[in-house]
Amino acid sequence: MAPSTPPFRFHPLKSSSFPMKQFSPFPTNPKMPESNSGGQPRTHSLLRPHQRTNPLVWLSAFLCVIFILLLISAGVVTLVVFLVIKPKNPSFDTTSANLNSIYLDSPPFLLNGDLTFLANFSNPNSKIDMEFEYASLELFFSGHLVAAQALQPFVQRRGQARLEAVHMISSQVYLPPDIAGELIRQVRSNRVLYNIRGTFKVRARMGIAHFAYWIYGRCQIELTSPPSGVLVARSCSTKR
């Protein structure tokens, strides 16, 4: 007869028998910065030391501000002065013209011509001087450019008039057949029409105040046929 097995008894472990180790969700970093007496971490090693701005930088900025203010003040003063005075535009006109020659070759129609005229510039302002910084004159026949001439810059004093002799030469200028036919017809009728177009850049000056703008002169002239072509009629205007 087999021996009987003694009964197994379960003995629960007491919690005090094995100490439980507590785990933190944040790993302990042995190199964490030390805390000061107030409990705050020391961060002075993470910030850059404060650097003083170079005095030359402050001086440059100050000079730039002064320069900008001076420019604005000068612009405002100039605008006020010219709004009060209301300067008038210089005028462009011609008082005399001579058509010395016109030669038109057989097809292709090539024009050779010679025309002289007096350009009259006048400054109607009593307090403002005018400086012509750029002056260009062009000669047209029936809307076709046949000659051009540039003038040297000049200064026109207040209330002053100036006469400038201009010599226009057309050399081997091609004309379309219809325009060439119109020129032949006008020469035969002893009435030749030309148009003069002027482009000018002027600078108005009054003391230290000044400003520049463009004006445009237009003159239609009627002359007799060459070689003794003289001015018989004209119509001129000047606009901004």
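The values are calculated or read from the model by the stated rules, or taken from the named source; none is laboratory data. Predicted, not measured: the structure shown is a model, and the values here were computed from it. Cβ: placed from backbone, ideal geometry, glycine included. Neighbour counts: every protein chain shown.
Got at least one residue in segment 183-206 being touching a Leu at 6+ places or on another chain (Cβ under 9 Å), surrounded by 17 or more Cβ atoms within 10 Å (Cβ to Cβ) and part of a loop (DSSP other than H, G, I, E, B)? So far as segment 183-206 goes, no, none of its residues is touching a Leu at 6+ places or on another chain (Cβ under 9 Å), surrounded by 17 or more Cβ atoms within 10 Å (Cβ to Cβ) and part of a loop (DSSP other than H, G, I, E, B). Return yes or no: is ASN125 more than 24 Å from the chain's Cα centre (by Cα) and crowded, with 16+ Cβ neighbours inside 10 Å? The answer is yes for ASN125. Of all residues in segment 223-240, those satisfying the criterion of being more than 16 Å from THR116 (Cβ to Cβ) and either of a type outside the set (Lys, Arg) or assigned to a loop (DSSP other than H, G, I, E, B) (or both) are ALA233, SER235, CYS236, SER237, THR238, ARG240. Just one of (1) within 30 Å of ASN123 (Cα to Cα); (2) modelled with pLDDT under 70 fails for GLN22. It is (1). Residues of segment 82-127 that are among the aromatic types (Phe, Trp, Tyr), assigned to a strand (DSSP E or B) and farther than 27 Å from ILE184 by Cα: PHE92, PHE121.
The condition of being modelled with pLDDT under 85 and over 30 Å from ARG158 (Cβ atoms) holds for only one of SER35, SER101, that being SER35.
Taken over segment 207-229, the criterion of being under 13 Å from ALA97 (Cβ atoms) and loosely packed, with under 13 Cβ neighbours inside 10 Å is satisfied by SER228 alone. Report whether or not ARG240 is touching a residue at least 40 places away in the same chain (Cβ under 8 Å) and under 23 Å from the mean Cα position of the chain (by Cα). Here the answer is yes, as ARG240 does meet what is asked.
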